[in-house]
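Undergrad: This is the structure I want to talk about, given as structure tokens.
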Amino acid sequence: MVLCIWYVQPTLMFFNQLQQDLEHKNSQGLQRSRRSLSTPQGVRIAVDGVPYLSFCSNDYLGLANHPQINTALLLGVKQFGAGAGASHLVSGHFDSHQQFEHAFAEFVNKPAALSFSSGYMANLGVVQALAGRGDTIFADKLNHASLNDAMLLSRAQVKRYRHNDMAQLAQQLAATKRGRKLVITDAVFSMDGDIARLPAMLELCEQFDACVLVDDAHGFGVLGTQGQGVMSHFKLASPRIIYMATLGKAAGVAGACVAGEQIVIDTLLQSARSYIYTTASPPALSVALLASLALIRSAGNRREHVQQLIVQLRDGLAGLPWTLMASDTAIQPLVVGSNQAAVSLSNALRERGIWVPAIRPPTVPQGTARLRISLSAAHESADISALTEVLHGLA
């Protein structure tokens, strides 16, 4: 009996502390919840059985339910089955994986590429493989959580610079005399919608002998002449750039791919733990991604349409009491302020059939809770008008 009490009591205390933490989050307006879609991803969806006009997803080109990608996925399943069955380095690497990696590298103008099961896994693997004890990582303070986690796991020294502050980055690079230097940055910052100052960053990397890992999760497919992303957007080509793109946003499928010099990809193949020690993505996804690449390349009209929607939205939101952040991308953040106010505004929109998520700390800084309006090529001008009219009515 004594042993039983000794065992149960700490467990109950453990759960009680978890409950207290959850209640504290709720009191701060930080409680999160999931809602289930019963339709394909798109701008018109059903959530928990209720229809909505959605400004929530990262499906920037409207490809997540494209018939050509769907057909390719089905063909991939027929040819390769549903799962890979092993890690890439055991027996889970298929012809379709190889073909997609070659196609992706060529598309973004890099010598070689390596596919990962997600952007989070890619960032964890790349940073840990390329920097360690004795090296230094330089990180923008607004980087995505996956880059933040990756730099901590790498055990390298970390220096964070103010958002897009190239002067501070230059000082940090100049003061670092030993080891490898790796700058890590989002290309398009996911909660602000602005773009990293990559040309200036690359100049600093050349001056101080550093490389830069660019997480182009929200730029790939949307930026650049044919959707090749931020490097094409700025007309940059450099062996110092290590390029990562996620494939579940504008590409409409799933996974991620890292492209760079052959020596970089060889190093990742040997040392990236999140690549080596996980089952490969289903090979059918790579078949679908090959179809997606072809669509992205020819999606100039879709990209142009998104730009037109951005102009319309920004014009339509003028005069509101909330702050529309400076952004030329499909991510348009409307800063509301307090957590409760942002949640209330999001709920009010949802009651009127429009779904826009409220983003709160720790995803964004305290006091800057916001509506994150995400635009898609699948949106129509009338959709933008509907959103702006409702927001003005609520204001």
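Undergrad: Within region 216-245, can you find the residues that are of a type in the set (A, V, I, L, M), part of a loop (DSSP other than H, G, I, E, B) and within 21 Å of Asp192 (Cα to Cα)?
TA: If the condition is that a residue be of a type in the set (A, V, I, L, M), part of a loop (DSSP other than H, G, I, E, B) and within 21 Å of Asp192 (Cα to Cα), then Ala217, Val222, Leu223 are the ones that fit.
Undergrad: Scan region 281-299 and tell me whether some residue there is farther than 24 Å from Phe100 by Cβ and of a type in the set (Lys, Arg).
TA: Among the residues of region 281-299, not one is farther than 24 Å from Phe100 by Cβ and of a type in the set (Lys, Arg), which makes the answer no.
Undergrad: For region 345-364, enumerate the residues that are part of a loop (DSSP other than H, G, I, E, B), more than 18 Å from Asp383 (Cβ to Cβ) and touching a residue at least 60 places away in the same chain (Cβ under 8 Å).
TA: Kept after step one, since they are part of a loop (DSSP other than H, G, I, E, B), are these residues of region 345-364: 352-353, 356-357, 360-364.
Subsequent filtering for residues that are more than 18 Å from Asp383 (Cβ to Cβ) retains 360-364.
Within region 345-364, Arg360, Pro361, Thr363, Val364 meet the criteria.
Undergrad: Another one. Across region 98-119, which residue is nearest to Asp192 (Cα to Cα) among those that are out of contact with any strand residue (DSSP E or B) (no Cβ under 8 Å at 6 or more places or on another chain) and assigned to a helix (DSSP H, G or I)? First the steps, then the outcome.
TA: Keep residues of region 98-119 that are out of contact with any strand residue (DSSP E or B) (no Cβ under 8 Å at 6 or more places or on another chain), which gives 98-99, 103, 106-107, 109.
Right, trim to assigned to a helix (DSSP H, G or I) and you get 98-99, 103, 106-107.
Numbers: Gln98: 35, Gln99: 35, Ala103: 31, Glu106: 30, Phe107: 27 Å.
Per the stated criteria, the residue is Phe107.
Undergrad: Moving on to the next point. Are any residues in region 73-132 of a type in the set (Val, Ile, Thr) and touching a residue at least 60 places away in the same chain (Cβ under 8 Å), and if so, which ones?
TA: Those that are of a type in the set (Val, Ile, Thr) and touching a residue at least 60 places away in the same chain (Cβ under 8 Å): Val77, Val108, Val126, Val127.
Undergrad: State the number of residues belonging to region 130-145 that are part of a loop (DSSP other than H, G, I, E, B), crowded, with 20+ Cβ neighbours inside 10 Å and over 14 Å from the mean Cα position of the chain (by Cα).
TA: Residues flagged as part of a loop (DSSP other than H, G, I, E, B), crowded, with 20+ Cβ neighbours inside 10 Å and over 14 Å from the mean Cα position of the chain (by Cα) within region 130-145 amount to 1.
Undergrad: Next up: Quick check on region 121-129. Is at least one of its residues in a helix (DSSP H, G or I), under 16 Å from Ala217 (Cα atoms) and in contact with a His (Cβ under 8 Å, 6 or more places away or on another chain)?
TA: Checked region 121-129: at least one residue is in a helix (DSSP H, G or I), under 16 Å from Ala217 (Cα atoms) and in contact with a His (Cβ under 8 Å, 6 or more places away or on another chain).
Undergrad: Could you tell me whether any residue of region 274-282 is crowded, with 19+ Cβ neighbours inside 10 Å and not in a loop (DSSP other than H, G, I, E, B)?
TA: Checked against the condition, which is being crowded, with 19+ Cβ neighbours inside 10 Å and not in a loop (DSSP other than H, G, I, E, B), region 274-282 yields at least one hit.
Undergrad: In region 182-204, which residues are of a type outside the set (D, E, K, R), buried (at least 17 other Cβ atoms within 10 Å of the Cβ), over 22 Å from Arg370 (Cβ atoms) and in contact with a helix residue (DSSP H, G or I) (Cβ under 8 Å, 6 or more places away or on another chain)?
TA: Scanning region 182-204 gives Leu182, Val183, Ile184, Leu198, Met201, Leu204.
Undergrad: Could you go through region 160-181 and let me know if any residue there is of a type in the set (A, V, I, L, M), surrounded by 20 or more Cβ atoms within 10 Å (Cβ to Cβ) and touching a Cys at 6+ places or on another chain (Cβ under 6 Å). Break it down stepwise before answering.
TA: Applying the first criterion (of a type in the set (A, V, I, L, M)) to region 160-181 yields 166-167, 169-170, 173-175.
In the following step, the residues that additionally are surrounded by 20 or more Cβ atoms within 10 Å (Cβ to Cβ) were identified as 169, 173.
Remaining after also requiring touching a Cys at 6+ places or on another chain (Cβ under 6 Å): none.
There is no residue in region 160-181 that is of a type in the set (A, V, I, L, M), surrounded by 20 or more Cβ atoms within 10 Å (Cβ to Cβ) and touching a Cys at 6+ places or on another chain (Cβ under 6 Å).
Undergrad: Ala251: in contact with a strand residue (DSSP E or B) (Cβ under 6 Å, 6 or more places away or on another chain), at pLDDT 95 or above, assigned to a loop (DSSP other than H, G, I, E, B) and buried (at least 20 other Cβ atoms within 10 Å of the Cβ), yes or no?
TA: no
Undergrad: Still on this structure, I have one more. Looking for something at pLDDT below 95, farther than 30 Å from Gly49 by Cα and outside the structural domain of Ser232 (by TED's automatic domain parsing) - is there at least one such residue anywhere in region 306-316?
TA: Looking through region 306-316, none of the residues is at pLDDT below 95, farther than 30 Å from Gly49 by Cα and outside the structural domain of Ser232 (by TED's automatic domain parsing).
Undergrad: Name the residue, out of Phe14, Phe55, that is hydrophobic (A, V, I, L, M, F, W, C), at pLDDT below 90 and either over 27 Å from the mean Cα position of the chain (by Cα) or assigned by TED's automatic domain parsing to the domain that holds Ser381 (or both).
TA: Working: Phe55 fails: at pLDDT below 90.
After applying the criteria, what remains is Phe14.
Undergrad: Mind checking whether some residue in region 195-211 is among the aliphatic types (A, V, I, L, M), in a loop (DSSP other than H, G, I, E, B), over 25 Å from Ala326 (Cβ atoms) and assigned by TED's automatic domain parsing to the domain that holds Ala122?
TA: There is at least one residue in region 195-211 that is among the aliphatic types (A, V, I, L, M), in a loop (DSSP other than H, G, I, E, B), over 25 Å from Ala326 (Cβ atoms) and assigned by TED's automatic domain parsing to the domain that holds Ala122.
Undergrad: Residues in region 339-365 that are farther than 21 Å from Val222 by Cα, in contact with a helix residue (DSSP H, G or I) (Cβ under 9 Å, 6 or more places away or on another chain) and not basic (Lys, Arg): how many?
TA: So the count comes out to 12.
Undergrad: Out of region 229-248, which residues are surrounded by 24 or more Cβ atoms within 10 Å (Cβ to Cβ) and over 20 Å from Leu204 (Cβ atoms)?
TA: Scanning region 229-248 gives Gly229, Ala245, Thr246, Leu247.
The values are calculated or read from the model by the stated rules, or taken from the named source; none is laboratory data. If you're wondering where the values come from, they're calculated on a predicted model, not measured in any experiment. FYI the Cβ positions are ideal-geometry reconstructions off the backbone, even for glycines, and counts take in every protein chain you see.
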